[in-house]
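The values are calculated or read from the model by the stated rules, or taken from the named source; none is laboratory data. Every value quoted in this text rests on a predicted model; they were computed, and no experiment measured them. Cβ coordinates were reconstructed from backbone atoms using ideal geometry, including for glycine residues, and neighbour counts include every protein chain displayed. Accessible surface areas use protein heavy atoms only, side chains included; no ligands, DNA or RNA. Shrake-Rupley method; radii C 1.70, N 1.55, O 1.52, S 1.80 Å.
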Amino acid sequence: MSFRVQSQVSLKPFNSFGVDVQARLFAEAHSDADVREALAYGLEHDVPVLVIGGGSNLLLTADVQALVLRMATRGIRLLSDDGNQVVIEAEAGEPWHPFVQHTLVQGLSGLENLSLIPGTVGAAPMQNIGAYGVEIKDVFAGLTALDRQTGELRDFTLAECNFAYRDSLFKQEPGRWLILRVRFTLNRTAHLHLEYGPVRQRLTSLGIDHPTPTDVSQAICSIRNEKLPDPAVLGNAGSFFKNPLVSATLVAQLKEQYPELVAYAQPDGQMKLAAGWLIERAGWKGFRDGDAGVHKLQALVLVNYGTATGLQLLNLAQRIQKDIAERFKVDLEMEPNRY
Ligand code: FAD
Ligand code: NAP
């Protein structure tokens, strides 16, 4: 497929909030050569290049005065296999959930808890995607990225990625690294993570005592389908706020007023609060202002009922932040990337 740049393209189909803004220029990359061509085009025409994947972690607040480059590269390959441990590599444009399913069909364990997360393989390292007690750092074997400052390719090891809760080097250095392909270490012998309450409960209710990785994936898909809005039906970007990490002292103070406060101890002594609980307790769950709202079933998810603009969603998010800061003395950080 030849590389083609289009002018004035609506980004509505390319962001899961379904916000209708225009990209000044738009192109898709189906190969590394397309990526390089897009970057050269940007330099030649003095226009910034914004790389996107599935658009499921974006908040677009205005028309994008850039060349929006959607990663559409495909390919999955086995790099090594010792009979038990396997290193598998996928191109950045591979859709995430079908990739997870592909690994499960191959009898490989490691990605099952990350089932049904929208988006692409290439974006997954950006915020070290995580769900149900697993983050990609737990199965990460490396990635190859293009340094947009020098034009050179670089291979990253786990230690070099600075992965943390919903964070990475690639997020900390915005626009510098263009992730081309990602590698994962998976296993034929399953080491399942069932510590997240609802996962074990769901398996038990299905009568499954000795789950396979595919059972875990299916259980997680069913939980997610019940709780989270499908972006194809109701625009959203998943959790809109990160779960805040706070001191044990603040948690103790808050518990005096809110004994049922949900907080999880972290290895470093901090406590992780469930942002969704704070927002729900503050009365925002199900709130709607025009077409911008807070999901009825999960207060952490902001939704677009149809024609909300990015600025209206941002305004709602800021009202929630202010209210939570006043009530609980906790600062909520937005998770989606804002443009
Ligand atoms: P995009 O939204 O297109 O881009 C996100 C950021 O990455 C942007 O800054 C973009 O510039 C950059 N980027 C994209 N591709 C590349 C690349 N190849 N190289 C360099 N930069 C790039 N997240 C979780 O962590 N856990 C969840 O459980 C989860 N559940 C979700 C559920 C729903 C219903 C939705 C809508 C979202 C959820 N998310 C979750 C958020 C989102 O799906 C993930 O963050 C996902 O990895 C984003 O992928 P994407 O391809 O859509 O990235
Ligand atoms: P949930 O199960 O209702 O739990 C609420 C919060 O409590 C979660 O955010 C989770 O933190 C935390 N939590 C629950 N059990 C925990 C445990 N045993 N140990 C430590 N922390 C625990 O959450 P949910 O909204 O339905 O989401 C389920 C999972 O999918 C979560 O892991 C969540 O992060 C992930 N998810 C992420 C997004 C996104 O866009 N980022 C969207 C949907 C779902 P953590 O979030 O830190 O895990």
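Restricting the stretch 179-198 to residues that are within 20 Å of the chain's Cα centre (by Cα) and farther than 14 Å from Thr103 by Cβ, the residue that is nearest to ligand 1 (Cβ to nearest atom) is Ile179. In the stretch 257-273, which residue that is part of a loop (DSSP other than H, G, I, E, B) and surrounded by 11 or more Cβ atoms within 10 Å (Cβ to Cβ) is farthest from ligand 2 (Cβ to nearest atom)? Among those residues, the one meeting the criterion is Tyr258. Number of residues in the stretch 194-217 that are assigned to a helix (DSSP H, G or I), of a type in the set (Val, Ile, Thr) and open to solvent by less than 80 Å² (accessible area, probe 1.4 Å): the value is 3. Tell me, yes or no, whether the stretch 233-253 has at least one residue that is in a loop (DSSP other than H, G, I, E, B), over 24 Å from Tyr196 (Cα atoms) and touching a residue at least 24 places away in the same chain (Cβ under 8 Å). Looking for residues that are in a loop (DSSP other than H, G, I, E, B), over 24 Å from Tyr196 (Cα atoms) and touching a residue at least 24 places away in the same chain (Cβ under 8 Å), one finds at least one in the stretch 233-253, hence yes.
Scanning for something touching a His at 6+ places or on another chain (Cβ under 6 Å) and within 16 Å of ligand 2 (Cβ to nearest atom), does the stretch 49-59 turn up at least one residue? Scanning the stretch 49-59, I find no residue that is touching a His at 6+ places or on another chain (Cβ under 6 Å) and within 16 Å of ligand 2 (Cβ to nearest atom), so the answer is no. When the stretch 113-153 is filtered for residues that are within 12 Å of ligand 2 (Cβ to nearest atom), over 13 Å from Leu169 (Cα atoms) and not aliphatic (A, V, I, L, M), the ones remaining, listed by number, are Asn113, Ser115, Pro118, Gly119, Gly130, Tyr132, Gly133, Glu135. Scanning the stretch 310-337 for residues that are open to solvent by 90 Å² or more (accessible area, probe 1.4 Å) and part of a helix (DSSP H, G or I) yields Leu311, Gln312, Arg319, Lys322, Glu326, Arg327. Note on the stretch 218-229: residues that are open to solvent by 80 Å² or more (accessible area, probe 1.4 Å) and within 14 Å of ligand 2 (Cβ to nearest atom) total 3. Can you say whether Pro213 is near ligand 1 (Cβ under 10 Å from one of its atoms) and in contact with a Ser or Thr (Cβ under 6 Å, 6 or more places away or on another chain), as far as the supplied structure shows? Taking the combined requirement at face value, the residue does not satisfy it. Within the stretch 29-60, being open to solvent by 30 Å² or more (accessible area, probe 1.4 Å) and either in the same structural domain as Ser239 (by TED's automatic domain parsing) or among the hydrophobic types (A, V, I, L, M, F, W, C) (or both) holds for Ala33, Leu39, Ala40, Leu43, Val51. The condition (being away from ligand 2 (no atom under 11 Å from the Cβ), in the same structural domain as Val294 (by TED's automatic domain parsing) and open to solvent by 20 Å² or more (accessible area, probe 1.4 Å)) is satisfied by just one residue among Leu254, Leu245, Leu250: Leu250.
Output yes when any residue across the stretch 11-28 is without any contact (Cβ under 8 Å) to a residue 24 or more places away in the chain and open to solvent by 10 Å² or more (accessible area, probe 1.4 Å), and no when none is. Yes, some residue in the stretch 11-28 is without any contact (Cβ under 8 Å) to a residue 24 or more places away in the chain and open to solvent by 10 Å² or more (accessible area, probe 1.4 Å). Of the residues making up the stretch 110-150, those that are hydroxyl-bearing (Ser, Thr, Tyr), touching a residue at least 12 places away in the same chain (Cβ under 8 Å) and surrounded by fewer than 22 Cβ atoms within 10 Å (Cβ to Cβ) are Tyr132, Thr144. Could you go through the stretch 230-241 and let me know if any residue there is open to solvent by 60 Å² or more (accessible area, probe 1.4 Å) and under 30 Å from Leu158 (Cβ atoms). No, the stretch 230-241 contains no residue that is open to solvent by 60 Å² or more (accessible area, probe 1.4 Å) and under 30 Å from Leu158 (Cβ atoms). Scanning the stretch 264-275 finds one or more residues that are under 23 Å from the mean Cα position of the chain (by Cα), outside the structural domain of Asn15 (by TED's automatic domain parsing), under 30 Å from Phe14 (Cβ atoms) and at pLDDT 95 or above.
Within the option set Val134, Val139, being under 17 Å from Lys242 (Cα atoms), modelled with pLDDT of 95 or more and more than 9 Å from ligand 1 (Cβ to nearest atom) holds for one residue only, Val134. When Cys221 is tested against (1) within 16 Å of ligand 1 (Cβ to nearest atom); (2) under 20 Å from the mean Cα position of the chain (by Cα); (3) over 19 Å from Arg202 (Cβ atoms), exactly one condition is not met: (3). Scanning the stretch 286-309 for residues that are away from ligand 1 (no atom under 13 Å from the Cβ) and either touching a residue at least 40 places away in the same chain (Cβ under 8 Å) or assigned to a loop (DSSP other than H, G, I, E, B) (or both) gives Gly286, Phe287, Gly290, Asp291, Lys296, Ala299, Tyr305, Gly306, Thr307, Ala308, Thr309.
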